[in-house]
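The structure appears below as structure tokens.
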Amino acid sequence: MSSSPPTRRSRSASPASPTSRARWAARRSPGGAGIGLGDILFGRKRLKEASGEKVFALATAQVTLETELGLRSAGSAAVCFKPLSAGDFKRVETELAELVDSAAESSGSTVRRVSDDYGFQWIVTEDPDFEDLVTAVHLIGSELQARGFGPQLLAAIFKFEGEGHPVYWIYGYKRGAFWPFIPTGKEQERDNAEELELKAKLERELPIEPDLARWFGMFDAPL
């Protein structure tokens, strides 16, 4: 995995920590079925255009997340997309540095880019202010769409501190919906029961992905 140096403007934030390879897994989703991610990666299915506006619902749900569920933002999030051709990769190199600088300038967040071993590109954002963090993620998604990467936008992932282990909320751009992701820390296992409990408690405040088979996990995302 390679990463670009972090770029930031204004507020201070903790330095970026070393990141490990991002592993994607759908086989342990609560619905028990895969989402066909391989079809996306190898071009067997046409990707839909991304929808990013509903990501702001997470900021609206902050009070419930903190006071009722005990989940506080860890101050980090990432947008993930997958260029599908060699030409895309070349264009990524020339355009993403500009995007990172622009996002940092506009949001005041710390922004860096990470490339993993599977060819995924991650734009990682750090900001202690949760509303600013969500705004920065929306800005990055919008910029990627404006630069022609909308169909390749996959997800945004937000990290929260839970009781004893991290909790993640993932936003799928293709369907404009969230789902919880709670890795147990044991290989690629996840806590399905707690994920379903979070779904029940937040579905009135967040657009929750109704198809549990689409709740794919993002193990070792660079957060």
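How do the peptides 214-221, 120-127, 197-204, 99-106 rank, highest first, by the average count of neighbouring beta carbon atoms within 10 Å per residue?
Output ranking for 214-221, 120-127, 197-204, 99-106: 120-127, 214-221, 99-106, 197-204.
Under 5 Å between amide hydrogens, which residues at least 5 positions from A221 or on another chain qualify, with H placed 1.01 Å from N in the peptide plane?
Correct list: R23.
Which ³J(HN,Hα) values in Hz, rounded to whole numbers, follow from the phi angles of the stretch 54-71 under the Karplus curve 6.51 cos²θ - 1.76 cosθ + 1.60, where θ = phi - 60° and Gly and Pro get x?
For the stretch 54-71, the Karplus-derived couplings read 6, 4, 5, 4, 5, 5, 5, 7, 4, 4, 5, 4, 7, 7, 9, 10, x, 9 Hz, x marking Gly and Pro.
Can you list residues from other chains, or at least 5 along the same chain, whose modelled amide H is less than 5 Å from the amide H of T110?
Result for T110 returns E126.
Can you give the alpha-carbon Rg of the stretch 65-223 over 2.2 N^0.38 Å, where N counts its residues? Mind dumping the intermediate values first?
Details: Rg = 15.6 Å, N = 159, 2.2 N^0.38 = 15.1 Å.
The reported ratio for this selection is 1.03.
Please report, largest first and rounded to whole Å, the three semi-axes of the ellipsoid equivalent to the stretch 98-174, where each semi-axis is the square root of five times an eigenvalue of the C-alpha gyration tensor.
Whole-Å semi-axes of the equivalent ellipsoid: 20, 16, 12.
Using the Karplus curve 6.51 cos²θ - 1.76 cosθ + 1.60 with θ = phi - 60°, work out ³J(HN,Hα) for each residue of the stretch 151-158 in order, rounded to whole Hz, and write x for Gly and Pro.
Computed from phi, the couplings for the stretch 151-158 are x, 9, 5, 9, 7, 10, 10, 10 Hz.
Please state the charge dipole magnitude for the stretch 169-215, taken about the Cα centre, from unit charges on C-beta atoms (+1 on K and R, -1 on D and E), reported in debye and rounded to the nearest 20.
Details: 8 positive and 10 negative charges, 46 e Å.
Result for the stretch 169-215 is approximately 220 debye, rounded to the nearest 20.
Where does each of K186, K54 land when they are ranked from fewest to most other beta-carbon atoms within 10 angstrom? If you can, show how the numbers build up before the last one.
Details: K186 7, K54 17.
Final ranking by Cβ density, sparse to dense: K186, K54.
Taking neighbour counts of Cβ atoms within 10 Å as a proxy for exposure, in what order, fewest first, do Y168, Y173 appear?
Lowest to highest Cβ neighbour count: Y168, Y173.
Which pairs, out of K82/K174; K54/K174; K54/K186, put more than 23 Å between their alpha-carbon atoms? Please report the intermediate quantities before stating the final value.
Working: K82/K174 13 Å; K54/K174 11 Å; K54/K186 32 Å.
Pairs exceeding 23 Å: K54/K186.
Using label points projected 7 Å from each Cα along Cα→Cβ, tell me how many nm separate A146 and S106, to one decimal.
Label at A146, label at S106, 0.4 nm between them.
For A177, enumerate residues with amide H under 5 Å from its amide H, sequence gap 5+ or separate chain, H modeled in the peptide plane.
Here the answer is G172, since their amide H atoms fall under 5 Å of that of A177.
Quick check: residue separation of R72 and F56 times 0.36 nm, minus the Cα distance between them. What number comes out in nm?
Net length gain for the segment: 4.1 nm.
Once each part is reduced to its C-alpha centroid, what is the distance from the stretch 148-193 to the stretch 106-131 in angstrom?
The stretch 148-193 and the stretch 106-131 have Cα centres spaced 15 Å from each other.
Among T110, T184, which comes first, then next, by fewest other beta-carbon atoms within 10 Å?
Lowest count first: T184, T110.
For A213 and K186, what does the FRET efficiency come to when R0 = 25 Å and r is the distance between their Cβ atoms, rounded to the nearest 0.05? Walk me through the numbers on the way to the answer.
Numbers: r = 22 Å, r/R0 = 0.88.
Once the sixth-power term is evaluated, E becomes 0.70.
Quick note: the coordinates plus some simple rules give every number you see, no bench work behind them. Since this is a predicted model, take the numbers as computed values, not measurements. Please note: Cβ atoms are built from the backbone with ideal geometry, for glycine as well, and neighbour counts cover all protein chains shown.
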